[in-house]
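Shown next, in structure tokens, is the structure this report addresses.
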């Protein structure tokens with residue numbers, strides 16, 4: 001039985017997005033780790049309309065919303081792989097997270113991987129996403145995994161151009177997420 005369930009949330013519904021290359025890399029790295037079960041939540045599999053009522057306040061929530069909420073809630077930790085669009089968080093991701101109750105991620109460790117085709121690794125998106133996750137009561141880990149020039153950094157199969165440096169950066173990110181996951185999981189289960 002896996003020790004930890006790590007959800008990986010894609011941050012966009014856009015077809016042909018390059019951040020999916022990074023998602024493949026993250027999935028592959030975690031799949032190789034003993035005691036880790038991954039749980040991919042791909043926003044393109046959901047079609048949430050623009051928020052009118054939060055999940056807990058709606059008599060007829062959008063299709064798939066309860067399952068989305070339940071899978072996020074069941075995870076011991078969350079990695080969000082999110083591209084930066086126009087210096088910010090993609091609207092589809094923000095909308096999906098807005099459906100959740102304010103404390104939905106209470107004490108849940110969240111690691112953020114921001115992705116951009118430009119030189120700055122999606123830092124504007126990363127900063128905004130930190131604030132959004134904190135408002136959901138998450139424990140956003142200090143380490144981050146920004147990816148600049150994603151089209152050159154990862155091929156279509158999610159293999160990094162500079163595997164040594166990328167693996168080293170991801171290892172630091174993962175160790176921080178794992179530390180926080182180990183520190184919070186048992187405590188969350190006790191209530």
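A simple packing score, the average count of other Cβ atoms within 10 Å per residue, orders the peptides 24-32, 176-184, 7-15 as 7-15, 176-184, 24-32, with the highest score first.
Mean sequence separation of contacting Cα pairs (under 8 Å, at least six apart), scaled by the length of the chain, corresponds to a relative contact order of 22 percent. Hey, in the GNM for the chain with a 10 angstrom Cα cutoff, which one of 133, 82, 113 fluctuates hardest? Looking only at 133, 82, 113, the biggest GNM fluctuation is shown by 133.
Pick out which of 76, 35, 98 has the largest mean-square fluctuation in a Gaussian network model of the chain, springs linking Cα atoms closer than 10 Å. The residue that fluctuates most here is 35.
Write down the percent of antiparallel bridges among all DSSP beta bridges whose residues are both part of the chain, to the nearest 5.
Numbers: 2 of 22 bridges.
So the antiparallel bridges amount to about 10 percent of the total.
Bear in mind that the values in this text are calculations on the coordinates, not laboratory data. Treat the numbers as computed from the prediction; the structure is a model and nothing was measured. Note that we place each Cβ from the backbone using ideal geometry, even for glycine, and neighbour counts take in every protein chain shown.
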